Structures are given as structure tokens and as C-alpha cells.
1. Pulled fully out, how much extra length does the chain show between S70 and L116, if you take 0.36 nm times their separation in residues and subtract their Cα-Cα distance?
2. Leaving out ligands and nucleic acids, and using a 1.4 Å probe, what accessible area per residue does the stretch 14-59 come to in Å²?
3. Compute, for F81, the solvent-accessible surface of its heavy atoms (probe 1.4 Å) with the complete set of protein chains present, and express it in square angstrom to the nearest 10.
4. For V21 and F37, calculate 0.36 nm times their separation in residues minus their Cα-Cα distance, and state this gained length in nm to one decimal.
5. Give me the distance in nm between label points sitting 7 Å out from Cα along the Cα-to-Cβ direction at I107 and W162, one decimal.
6. Computed from these coordinates, which is Cα extents along the principal axes in Å: (i) 73, 53, 31; (ii) 58, 44, 31; (iii) 57, 36, 35?
7. Compute the relative contact order of the chain as a whole-number percentage, counting only Cα pairs closer than 8 Å that sit 6 or more residues apart in sequence.
8. Just how much of K49 is accessible, in Å², when a 1.4 Å probe is used and the result is rounded to the nearest 10?
Amino acid sequence: KLMLNVLIRRVLIAIPVLIVVASLTFFFIRLAPGGPFDADKVVSPQVMKNLNAAYNLDAPLHEQYFDYMSGVIVGDFGPSFRYPGRSVTELISIGLPVTFELALYSILFALAVGLLAGILGALKPNTPLDYIPMSTAMIGICIPSIILGPSLILIFGIWLEWVPVSGWGYMPGDKLLPTLTLGTAYAAYCARLTRGGMLEILNC
């Protein structure tokens, strides 16, 4: 019952937060200079007027906002400006399976490596089996994914040519570098938390 109450409370807190984030994103994009079609080839004013009308960009700002938020509530994020004829919801649904697959691999990697490193550090404190994993974990926490990813691509994909550097196919090598990039930081956190928790239990 306590866990259910916590879950309900978190969901109730998340709803207004998501509404605020969606609202701020909407207004910041509308207040930014330029428009969604500025990067396209130069078109006549009449064509631009028709484009704005087709995407409801010529309506007053408050009407655009209420139309957008009413669609978000039911899961409709509107049409895509980049890919005509396709909706944002459709594009998200195409990428979700890959996202979930990558998240699963990253979680499994983080748990396997983090638990093993944390257990070794707790069973052999103040030894190389403790210092090396924990130092590596600290490095993993400090290096952001935006730096770790290109570094792994440069070393293992370009210099050593062990794994492919692009694509998401059916070969295990296609998924290795993305999994390492996303799961390394979580593995580091898991290792330090596991070590701290086990040391506390062993010292009781």
C-alpha cells in the first residue's frame, strides 16, 4: 500500500511538470526568430502563406497553444514540419522499439558490470579489487555520454575497426557501442551504490 501511494503521488506530481515543460517548449519555439520553413528553398509569399495556414501557424498564439495542448493530451503531437505528410506521433512510434531495445541492453549491462564491481569492492576493501573498479566507476561518472560515445567510435570503430560505427541492424556489433555509451554511467552509479550498501551490511 505504501509503494502504491508513493507511485500515485509521483504520477500526480509528474503530470503538472509535463504540462509546464510542454508549455514552455511551445512558447520558446514560437518566440525564437525564424520559422519552420526558413531553411527550405525560397518560395513565394503566397506559398508561404498557404504553408502557414496548412499548419495553423497563422492563427493567434493562444489558439495555437490550446490546439497543441489538446492534441498532446490525447497523444497527438501534430504534423511534422520536416517530413510532410507524417505526424510527430508516427515518427516517435517508429523509433520507440529501437529506444526500448537500447534501454534494455544498457540496463542489463549496467546491472551486470555495476553489481560485479560493487561486490568485489565490498568483499575486498582497500585492495586493488576495490580501488580499480571504484576508480573506473568514478571516471565513468565524470565522462559524459557526448564525449564517451565519439571516443568509443574513434578507438574501436575507426582505429581498430572492430565494430561498425553506424546503423542498428541484427548483428551484435551494431548494438555494442551504443550500449556501452548509454550504460557506462549507470554501471558506475550501480557499482558505488552496491559497494556502499554491502559495506554497511557487512559492518553491522
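1. Details: separation 46, 0.36 × 46 = 16.56 nm, distance 4.74 nm.
Roughly 11.8 nm would be gained on extension.
2. Numbers: 3470 Å² over 46 residues.
Result: 75 Å² of accessible area for each residue.
3. It works out to around 80 Å².
4. Details: separation 16, 0.36 × 16 = 5.76 nm, distance 2.42 nm.
Extra length available between V21 and F37 comes to 3.3 nm.
5. In this crude spin-label approximation the distance works out to 2.7 nm.
6. Looking at Cα extents along the principal axes in Å for this model, the match is (i).
7. Numbers: 156 pairs, mean separation 42.7, N = 204.
Relative contact order comes out at 21 percent.
8. Its heavy atoms expose roughly 130 Å² to the probe.
The values are calculated or read from the model by the stated rules, or taken from the named source; none is laboratory data. Bear in mind that the values here come from a model prediction, so they are computed numbers and not experimental data. Glycine gets a Cβ as well: all are built from the backbone with ideal geometry, and neighbour counts include every protein chain shown. The accessibility values were calculated without ligands, DNA or RNA, using every heavy atom of the protein model including side chains. Shrake-Rupley method; radii C 1.70, N 1.55, O 1.52, S 1.80 Å.
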